[in-house]
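Since the structure comes first, as structure tokens, the remarks are kept for the end.
What follows draws every value from the coordinates through simple rules; no lab data is involved. These figures come from a predicted structure and were not determined experimentally. Cβ atoms come from the backbone with ideal geometry, glycine included; neighbour counts cover every protein chain shown.
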Amino acid sequence: MTPADATPEGATPEGAASLACPACGKPLSLCLCAAIRPIDNKIFVLILQHPQEKAQALGTAHLVTRIFQRSALKPGLSWPGLKRVLGREVEMKRWGVLYLGSATLKARMQEQAAAGDVLIALDRKGEPLASPAALAGLDGIIVLDGNWAQAKALWWRNPWLLKARRLVLQPASGSLYGALRREPRAESLSTLEAVARSLACLEARAEIVETALEPFRLLLKKYRDRGTRSAGHL
Ligand SMILES: [Zn+2]
């Protein structure tokens with residue numbers, strides 16, 4: 001028996017915080033399982049995760065795989081192609097990759113987004129495609145998980161991503177993260193928010209957003225509560 005085994009449960013809050021829930025992957029003190037309601041998404045979600053993003057307490061990529069029944073999370077920096085990532089045949093034309101988009105494009109999209117989230121597809125030159133067909137018939141979407149610089153690194157290290165349709169999301173409102181995470185752009189969303197809002201647009205199921213964000217709200221609440229109890233370890 002180790003000294004840790006002899007400690008009564010709950011007596012070492014720091015120790016308990018370091019144990020992760022096997023289901024949601026969060027520290028036990030931040031376990032979100034009670035708030036997770038699985039979503040039967042039709043369009044597959046693939047998250048390519050920058051290795052340095054893995055350790056983020058507020059990261060949401062793992063949560064995406066718990067919520068969305070058709071999804072996968074692959075940590076790494078580069079892959080030879082989508083077929084190798086998924087281990088099955090794919091038609092790249094039927095896949096989209098969520099792209100950051102240029103500042104000018106975002107500014108143009110912002111007006112439209114006043115009425116709700118806007119998702120558009122871009123042509124090879126980066127110009128928006130007006131036809132609704134540009135967003136139709138997708139088998140899956142690829143989302144790059146990491147901060148802005150990490151997502152950019154993933155983009156450049158995987159040139160096969162250029163064969164997918166380039167999608168840009170302009171959310172009607174900002175991230176629930178609020179001031180907890182500093183991102184270079186105000187509208188930067190968590191991976192979970194980006195996935196939920198994109199799928200809600202693509203599958204025309206607005207309810208996906210609320211169902212998916214329920215555990216995220218709980219995560220932020222628990223995180224803030226924990227922060228006020230012990231100032232460190234954020
Ligand atoms: Zn859990």
Query raised in the report: Among all the lysines, which ones have a C-alpha under 20 Å from Lys106's C-alpha, if same-chain residues fewer than 8 places away are not counted?
Result: Lys125, Lys152
Query raised in the report: Which value in nm describes the separation of the simple spin-label points at Ala57 and Asp225, placed 7 Å from the Cα toward the beta carbon?
Result: 1.5 nm
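Determine the relative contact order of the stretch 79-147: mean sequence separation of Cα pairs under 8 Å and six or more apart, normalised by residue count, in whole percent. Could you put the intermediate results ahead of the total?
Working: 40 pairs, mean separation 27.6, N = 69.
About 40 percent, as a whole number.
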Report task. Quick one: work out the % antiparallel among DSSP beta bridges in the stretch 95-199, nearest 5. Result -> 50 percent
Query raised in the report: Tell me, what HN-Hα J-couplings in whole Hz come from the Karplus equation 6.51 cos²θ - 1.76 cosθ + 1.60 at θ = phi - 60° for each residue of the stretch 134-144, using x for Gly and Pro?
Result: 5, 9, 8, x, 8, 7, x, 10, 10, 10, 8
Report summary line: Scalar couplings 3J(HN,Hα) for the stretch 151-159 by Karplus 6.51 cos²θ - 1.76 cosθ + 1.60 (θ = phi - 60°), nearest whole Hz, x for Gly and Pro, are 5, 5, 4, 4, 4, 6, 7, 10, x
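Estimate the FRET efficiency between Ala114 and Ala206 by the formula 1/(1 + (r/R0)^6), using the beta-carbon distance for r and 22 Å for R0, to the nearest 0.05. Display every interim value, and only then the final one.
Values: r = 16 Å, r/R0 = 0.74.
My answer for the efficiency is 0.85.
Ranking request for peptides 202-213, 23-34, 82-93, 57-68: highest mean number of other beta-carbon atoms within 10 Å first, then the rest in descending order.
On the way: 202-213: 16.0, 23-34: 17.5, 82-93: 13.5, 57-68: 21.6.
So the order, starting with the most tightly packed, is 57-68, 23-34, 202-213, 82-93.
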Query - Average Cα contact separation per residue, the stretch 116-175, under 8 Å, 6 or more apart, as relative contact order % - result: 57 percent
